[in-house]
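Visitor: Okay, handing you the structure first.
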Amino acid sequence: MISGNGLNLARMKHLNRDVIFRLLREYQQTTRTALVRLSGLSKATVSEIVETFLREGFIREVGKQQPARGRSQVILEFDPMARLVLGAQLVGSTCTVVLADLTAQPRHRSSRLMRGMTPEDFVEAICAGIEELRPLADVPILGVGVGTPTSVDPAGRRVTLSVPYGWRDVPLANLIEDRLALPTLIANRAKVAALGEVWQGAHDETDNLLYVYVGNGIMAGLVLNGSLYFGSSGTAGELGHMTVLPDGPLCGCGNHGCLHTLASESAIVHRARSRVREAEGRTYLAERTDGVLGEITLPLVLEAAAAGDQVALETLTEAATYLGIALANVINLVNPRIVVVGGPTASIGEAFLEPVRHEVRRRALGDALHDLAIVPSVLGDDAGAIGAAALVLENLETIPGAVTGSDHLLRVPTATSHVAS
Ligand SMILES: [Zn+2]
């Protein structure tokens, strides 16, 4: 707030609006008196900001409340549908877009397969999804969040690297902004999924949550003390490359015994094929593939496990045990309240989660386990898209005009006419 030239009043006004906006959204119904108490701001400042929000339609007055003492107070109600945001994600070759309200609740959804696997195909799929949903919005859209299965620069503008997709240094946010004229922010999909679980997951309110995606890769997203954690160069959350078996298989990163080599989709499929080969007698997987072991896939392993097949269950338990070892280390380090496990492997539920919990209980410190819950994702496949919408909502102060006052207009061409001036 203190700039080189002294106090920056515009910046301060902006921060005050952000504080009040967050309180209105959190409490849904409140009063000016409560906002003064909760924010620590002066009565005059709160009144001025409330008037602006009333004018812009973010809140409305919905009656009066009579306290035990003193004058009756007008109840202010937050309207989550006053503005909308878009969230997009890529899983495999499927691009999903949601149109969400100001609490990140998805109101509309669109999903499509990408034509190819280049960054241009991804931009094309996101834009097609957004063009489909945009006409459904009758209020301004504030921006677009994108969850990518890649590394992303700390500013949330560029894909820095994706080994499986073969992408390197792609200015994804610029490409989308050029096409849609909507402010855009990008982040790794597991990171935004963690935000999605905090904003919309069916968990007790928590400020400390660890989300783990277990699929073709293994990535974590951390919300610590209420904020998404990126690390100094944006790479925090690379759980797949934590060493869990010192002399284990060689990983693509050059290390041996990374969690990725023991619990990712390819690792599970590889182990299932070996086990079927070693197993004596007929097994579920051998029968389903007529003995062609190359046809064993993760969905088939999950199907076999659900049918009670021992080979599949042992394979999943082994992978879950390694995941539990990795998680026990992370839990000791950051002490989350909730660990949410998502991705295709976790979709089977307790057959995978229970051995994870068992291993965590064996290894993590008692105090860290005291209040800990390890649960499946309730948002499922959409966690990243919902979280990408939440990413925009967490960063509204970076979007010109979103909640900074009527002296700025949104950059959104179709939205400017809706903004009170
Ligand atoms: Zn590795």
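Visitor: Please specify each residue of region 244-282 satisfying the condition of being of a type in the set (S, T, Y) and either more than 19 Å from T321 (Cα to Cα) or away from the ligand (no atom under 14 Å from the Cβ) (or both).
Guide: Across region 244-282, the qualifying residue is only S274.
Visitor: Away from the ligand (no atom under 16 Å from the Cβ) and within 19 Å of S347 (Cβ to Cβ): is that true of G308 in this structure?
Guide: The answer is yes for G308.
Visitor: Would you mind telling me which numbered condition in (1) of a type outside the set (D, E, K, R); (2) within 30 Å of D153 (Cβ to Cβ); (3) more than 16 Å from the ligand (Cβ to nearest atom) H241 fails?
Guide: The failed condition is (3).
Visitor: Just checking, does region 158-171 include any residue being out of contact with any strand residue (DSSP E or B) (no Cβ under 6 Å at 6 or more places or on another chain), assigned to a helix (DSSP H, G or I) and assigned by TED's automatic domain parsing to the domain that holds A388?
Guide: Within region 158-171, none of the residues are out of contact with any strand residue (DSSP E or B) (no Cβ under 6 Å at 6 or more places or on another chain), assigned to a helix (DSSP H, G or I) and assigned by TED's automatic domain parsing to the domain that holds A388.
Visitor: While we're on this one: Six or more apart or on different chains, Cβ under 8 Å: which pairs go from a residue in region 371-393 that's crowded, with 16+ Cβ neighbours inside 10 Å to one that's assigned to a strand (DSSP E or B) and of a type in the set (D, E, K, R)? Could you list them?
Guide: D382/R109; A385/R109
Visitor: Then there's this: Does E287 satisfy being charged (D, E, K, R) and within 16 Å of the ligand (Cβ to nearest atom)? If you could, list the steps in order and put the result at the bottom.
Guide: Details: charged (D, E, K, R): yes; within 16 Å of the ligand (Cβ to nearest atom): no.
Judged against the criteria, E287 is not a match.
Visitor: Return the pairs, sorted by first residue and then second, in which the second residue is more than 16 Å from the ligand (Cβ to nearest atom), the first residue lies in region 258-284 and is among the charged types (D, E, K, R), the beta carbons are less than 6 Å apart, and the residues are 6+ apart or on different chains.
Guide: Here the result reads E265/L298; R271/T315; R273/L293; R273/I296; R275/V311; R275/T315, each pair linking region 258-284 to a residue that is more than 16 Å from the ligand (Cβ to nearest atom).
Visitor: May I ask you to verify whether G70 is assigned to a strand (DSSP E or B), at pLDDT below 95, outside the structural domain of S151 (by TED's automatic domain parsing) and more than 32 Å from the chain's Cα centre (by Cα)?
Guide: Taking the combined requirement at face value, the residue does not satisfy it.
Visitor: Taking region 142-163 only, how many residues are hydrophobic (A, V, I, L, M, F, W, C) and closer than 17 Å to E397 by Cβ? It would help to see each step written out before you state the result.
Guide: The first filter runs over region 142-163 and keeps only residues hydrophobic (A, V, I, L, M, F, W, C), leaving 142, 144, 146, 152, 155, 159, 161, 163.
Those left that are additionally closer than 17 Å to E397 by Cβ: 142, 144, 155.
Final tally of qualifying residues: 3.
Visitor: Yes or no: E197 within 22 Å of V378 (Cβ to Cβ), more than 10 Å from the ligand (Cβ to nearest atom) and in a helix (DSSP H, G or I)?
Guide: yes
Visitor: May I ask you to say which residue of T31, T96 is of a type outside the set (A, V, I, L, M), under 30 Å from P344 (Cα atoms) and within 33 Å of the chain's Cα centre (by Cα)?
Guide: T96
Visitor: Here is a follow-up. Could you list, ordered by first residue, the pairs with Cβ atoms under 8 Å in which the first is in region 302-321 and more than 19 Å from V341 (Cα to Cα) and in the same structural domain as V212 (by TED's automatic domain parsing) and the second is of a type in the set (A, V, I, L, M, F, W, C) and surrounded by fewer than 18 Cβ atoms within 10 Å (Cβ to Cβ), at least 6 apart or interchain?
Guide: Partner pairs satisfying both residue conditions: V311/A279.
The values are calculated or read from the model by the stated rules, or taken from the named source; none is laboratory data. Since this is a predicted model, take the numbers as computed values, not measurements. Here Cβ is always computed from backbone atoms with ideal geometry, including for glycine, and neighbour counts include all displayed protein chains.
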